[in-house]
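Read the structure below first, then the notes.
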Amino acid sequence: MQNNNKNHNFTDRRSGRDFLYRAMVGINIFAWLIFVIVMCMFHFARPELETGFGRFLNVYSRTSWNSYLVNWMFLLLCGCVLLSTLVILIRKRRARRRTDGVWANVFFLVITSVISLIYLWINADVDL
């Protein structure tokens with residue numbers, strides 16, 4: 001096994017977290033908050049489950065998607081994808097060292113948001 005703690009002869013000119021790094025972290029957190037909000041909206045926008053007991057008691061259950069919430073979910077997910085892609089592009093431009101992190105959560109957020117957009121597009125009536 002190799003020891004990666006070699007003493008390299010280079011000067012680390014990084015003086016800490018600069019404004020752009022803090023902005024990327026802030027944008028990433030904001031994009032995750034949008035995603036969590038969309039997942040909460042999904043709970044209220046989807047059709048309600050109609051059970052046999054509810055049918056027996058003639059309880060009303062909505063069998064279609066709530067179009068108002070679906071449209072908002074679609075727009076928020078598009079914003080989430082755009083913000084996450086912006087963070088990925090900035091990271092690609094700035095991260096040049098081997099010790100820079102991957103930020104896998106941003107890639108996961110983009111993939112999950114795109115899958116959610118496709119699911120909404122196929123299963124719900126998106127009226128933009």
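The values are calculated or read from the model by the stated rules, or taken from the named source; none is laboratory data. Remember, predicted model here, so these are calculated numbers, not experimental data. Every residue, glycine among them, receives a Cβ derived from its backbone with ideal geometry; neighbour counts consider all protein chains shown.
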Of all residues in the range 45-68 being among the polar types (S, T, N, Q) and under 35 Å from the mean Cα position of the chain (by Cα), the one that is surrounded by the most Cβ atoms within 10 Å (Cβ to Cβ): N66
Hits in the range 1-44 - residues which are aromatic (F, W, Y) and either modelled with pLDDT of 90 or more or under 10 Å from the mean Cα position of the chain (by Cα) (or both): F30, W32, F35, F42, F44
Filter the range 15-61 for residues that are more than 29 Å from W121 (Cα to Cα) and of a type in the set (D, E, K, R) and give the result. R17, D18, R22, R55
Could we say that V81 is modelled with pLDDT of 95 or more and surrounded by 11 or more Cβ atoms within 10 Å (Cβ to Cβ) here? yes
Identity of the residue in the range 71-95, in contact with a helix residue (DSSP H, G or I) (Cβ under 8 Å, 6 or more places away or on another chain) and without any contact (Cβ under 8 Å) to a residue 40 or more places away in the chain, that ends up farthest from A31 (Cα to Cα): W72
